[in-house]
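Coordinate-derived values only; no laboratory data. This structure is a prediction, so every number in the text was calculated from the model and none was measured. Neighbour counts are summed over all protein chains in view; Cβ atoms, including those assigned to glycine, are modelled from backbone coordinates with ideal geometry.
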Amino acid sequence: MPNDKLPNDKFRRHIAWEAARLVYGQQETDLHRAKLRAARQLYRGWVRQHDLPDDFEVRAQLEVLSQGASGAERLQAALDLHGEADRFEVYRALLAPLEHVQQNPQQHPEGDVLYHSLQVFTLAREELPYDEELLLAALLHDVGKAIDPLDHVQAGLAALSGFITERTAWLIENHSLGQAIHEGTIGVRARRRLAADESFDELVVLSRCDRDGRQRGMEVPDLDEALDYLRDLDETFGE
């Protein structure tokens, strides 16, 4: 029988936390299996599919485990705002921990991932100041490095699922291939596939900004200023 005694939000949080612990402890590698295992461990009886947390909720708890309590408070506040997630607060919650993620100094002499992301955003804004989807891709392309450094692109896309458009997701997913375009190392088929997309030119811009956003001492806006700019774009030009 389904467990109807606990409020749904508490039920989901318990499962999300236990599933995150299983993944963090490398007892499970698949999020869906981790959720099912966590549900079986915590509650007797049948757990309905729609009572399980989604992948974003589990990855949010994974960030808590890796980044500490402050990340938990930011993410929970984002998800609880007016009963639904404010996407700009979700962006802030995922971006803020990047300040503590250092990179290889040979490839990234600028330092932490947040500073790099703000550089990429700044350079992209200079080229296409009104393309909100591109600017979001520029700012958010590395958020997964605070969640799963081994596969940061897919980790970031999973955490952002439901909070970005398909176009922004496509730009993030393919930004590394854009680097291969600049370097001339991309295969013919891969280039043809990317070039067939209507956002190919913007992908080239994003990849160039990603390459150039690795400067020591570059002046950038702080995180709140960048998010305020994007929020203003949304309010001015959004549907």
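Determine the gain in length on full extension of the stretch VAL204-ASP228; use 0.36 nm per residue of separation and subtract their C-alpha separation, reporting nm with one decimal.
Result: 6.1 nm gained on full extension.
Please compute the net charge surrounding GLN107, taking Lys and Arg as +1 and Asp and Glu as -1 over other residues with Cβ under 12 Å from its Cβ.
Taking every other residue near GLN107 into account, the sum is 0.
How far apart, in nm, are the 7 Å Cα→Cβ label points at ASN104 and ASP54?
Taking the two extended label points, one gets 3.5 nm.
Taking the Cα centre of the range 95-237 as origin, sum charge times position over the Cβ atoms of Lys and Arg (+1) and Asp and Glu (-1), and report the length of that vector in debye to the nearest 20.
820
Stokes-Einstein at 20 °C, 1.002 mPa s, Kirkwood radius from Cα pairs: D for the range 139-239 in µm² s⁻¹?
D = 142 µm²/s.
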